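These notes are about the structure you will find just below.
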Amino acid sequence: MASDLESRLKSATELGTSDSAVSQLKGLVLEDSSNDVDAVRIKEQAITQLCELYIKQANAQGLADLLTSLRSFFNAIPKAKTAKLVRSIIDSIAKVPGSTQLQVDVCKAQVEWAKTEKRTFLRQRIELRLASLYLQVKDYPAALALISTLLSEVKRLDDKLLLVDICLLESKVNHALRNVPKARASLTAARTAANSIYVPVQLQAEIDCQSGILCAEEKDYKTAYSYFFESFEQLSSLDDPRAPQVLKYMLLAKVMLDQADDVPGIISSKAGLKHVGPEVEAMRAVAQAYQDRSLQTFQDMLVAHKAQLVDDDVVHAHLAELYDTLMQQNLVRIIEPFSRVEIAHVASLIGLPLDMVEGKLSQMILDGKFSGTLDQGAGCLEVFSPAPVDAVYPAALGVLDSLGRVVDTLFARSQRVVA
């Protein structure tokens, strides 16, 4: 029986990526034959090949239907093999572009099946995958609700590795909601759980990357760079496709530290050259625009590298802050020679809309970036010379403070005399 299955598998493999190869492999996998050790091994190989063919054909629905059709086969093989195959097929669906919603539907269906079959181990991992998909589609309340249920369940089981994954995902969801304190608390919980077990290199790299993201949110870019560097080294050693993204975050931290001149050196290093691509080129453009102090170049760069910069929430938030800083520096430099200048003239010099420049100047005056006032009737900005520092008031406060200490000392001595 096993030899017959093996010959059929070989003939299907020889057909390449044709529809007849798919139909032969599907017939072999779904055949209601004996499920001895050799037959199961051959069917596993056939399932793997069938998944690869569906990925090449971008047939995500075919993979979803295959997962449902294999349930009778799953009931006949060990639970560990079932878990491995189910997760492998769901991973295959993820490789098909534009299949995120289908993945959500498949995960929901598999969770219900796992509950019916009382496969707790498999259900928990599929629910974790479902929560990460909710994060991708920005359904944050659903993700947090599912994570909360999973956390209470996994803590009772004391499955530390799964607990690390759940806490890390919770940190990512809270960060997406801009709740940095809760994101930091979840990350700390993940690190605490990870300290007592062996953590795979890939997972440790994810933890370091998330630590770097949260440090960057708190404006601690030096520590963030260290975390990103650790994460990048680990992912690069595994040839993980996420390594260029972490390298992008490394370069962003350098720019935010006002060390944009270090960016070309990092890119031209051995590790940097290995991952040269759109992500790295986008950050090279950011560093160049920052060095040139050019707002127009900055805007053009955001349009040219929209997918790498604007669509990445982590990078976009920091670039908005960087753009704001550049605008302020340029405005201060432009208005420096003037005591009174038309706002329209400032807008023409900086190359930005009048209302935007007027709003930014008003904000800078309120923030104390320079002394001045806006004469909106005349459409002018009046810039005042910095007022000389008056040393009288600080000196008076110092004298009063000294007098207070003298009175306290005399009072203490009088209390001792009375006693």
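The values are calculated or read from the model by the stated rules, or taken from the named source; none is laboratory data. Keep in mind it's a predicted model, so treat the numbers as computed, not measured. Every residue, glycine as well, gets a Cβ built from its backbone with ideal geometry; the counts of neighbours run over all protein chains shown. Remember, those area values only see protein heavy atoms, side chains included, never the ligands or the DNA or RNA. Shrake-Rupley method; radii C 1.70, N 1.55, O 1.52, S 1.80 Å.
Build a GNM of the chain with springs between Cα atoms under 10 Å apart, and of V357, V29, V406 the one that fluctuates most is V406.
The chymotrypsin sites (Phe, Trp or Tyr not before Pro) of segment 298-396 meeting both criteria, a DSSP state outside H, G, I, E and B (loop) and at most 16 other C-beta atoms within 10 angstrom of the site's C-beta, are F338, F384. State the Cα centre-to-centre distance between segment 55-74 and segment 331-355 in whole Å. So the two Cα centres are separated by 62 Å.
For segment 120-214, which trypsin sites (Lys or Arg not before Pro) are in a loop by DSSP, counting at most 14 other Cβ atoms within 10 Å?
Sites meeting the loop and neighbour criteria: K138, R178.
Label sites at V399 and N179, each approximated as a point 7 angstrom past Cα along Cα to Cβ, lie 5.5 nm apart. Amide H contacts for G372 (H built 1.01 Å from N in the peptide plane; partners 5 or more residues away or on another chain; cut-off under 5 Å): F384. Other residues lying with their Cβ under 14 Å from the Cβ of E52 contribute a combined charge of +1, Lys and Arg counting +1, Asp and Glu -1.
Of the residues H305, H175, H345, ranked by 1.4 Å probe accessible area with the largest first, the sequence reads H345, H305, H175.
Over segment 332-418, what relative contact order in percent results from Cα pairs under 8 Å that are six or more residues apart? In percent, rounded to a whole number, it is 24.
So, counting K/R as plus one and D/E as minus one, what does the shell of residues with Cβ under 14 Å around P78 add up to?
Summing Lys/Arg as +1 and Asp/Glu as -1 gives +3.
Close amide H partners of C380, meaning residues 5 or more places away or on another chain with modelled amide H under 5 Å apart, are I343, D375.
The alpha carbon centroids of segment 224-261 and segment 104-134 are separated by 33 Å. Full extension of the chain between D408 and E117 gives 96.9 nm of extra length, using 0.36 nm per residue less the Cα-Cα distance. For K360, a cut-off of 30 angstrom between C-alpha atoms picks up these lysines, skipping any fewer than 8 places away in its own chain: K219, K222, K248, K254, K306, K369. With a 1.4 Å probe rolled over the protein heavy atoms of all chains, the accessible area of I334, I89 falls in the order I334, I89, largest first. In this label model, Y198 and R416 are separated by 6.8 nm, measuring between points 7 Å along each Cα→Cβ vector. When both segment 360-375 and segment 174-211 are represented by their alpha-carbon centers, they are found 41 Å apart. Residues of segment 179-199 falling in the label zone of T223, defined by backbone nitrogen less than 17 Å from a point 7 Å along Cα to beta-carbon, are 180-192.
Do the sum for the chain: with -39,500 (n - 2.57) for every DSSP H run of n ≥ 4, divided by all residues, what is the mean residue ellipticity at 222 nm, to the nearest 500 deg cm²/dmol?
Mean residue ellipticity, 222 nm, calculated: -24500 deg cm²/dmol.
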